[in-house]
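First up is the structure itself, then whatever we jot down about it.
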Amino acid sequence: MRKSRFREEQIIGILKEQKFRVITECIFNQEVKFETVYKYKAKYGSMEVSDTCRLRVLEDENTRLKKLKKDYLNSS
């Protein structure tokens, strides 16, 4: 999967800007496609910047735990 060129904080900024403007203006200013904005809305729609930091920590922890589980199952 391709890595996003925007950080979570920037994505939330784009979504907040979109609330106050017409979506076509935001897309033109940020050079983002319609589909991408809707994907961002689905994932980060009601989040604040602090929520994204917490999400990143939880995703990292989840990845670490999955790896531990996989290693445990392979060793037994």
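The values are calculated or read from the model by the stated rules, or taken from the named source; none is laboratory data. A quick note: this is a predicted structure, and the numbers were derived from the prediction, not measured. We place every Cβ from the backbone using ideal geometry, glycine too, and count neighbours over all the protein chains shown. Heads up: the accessible areas ignore ligands, DNA and RNA and are worked out on the full protein's heavy atoms, side chains in. Shrake-Rupley method; radii C 1.70, N 1.55, O 1.52, S 1.80 Å.
Nonpolar atom fraction for segment 32-76, defined as the carbon and sulfur part of the 1.4 Å probe accessible area, stands at 56 percent. Among the listed pairs Lys39/Lys69; Lys43/Lys69; Lys39/Lys66; Lys16/Lys69, those with a Cα-Cα distance over 28 Å are Lys39/Lys69; Lys16/Lys69.
Label separation (Leu55 vs Arg7): 1.5 nm, computed from points 7 Å beyond Cα along the C-beta direction. Of the peptides 4-12, 50-58, the order by per-residue mean of other Cβ atoms within 10 Å, starting with the highest, comes out as 4-12, 50-58.
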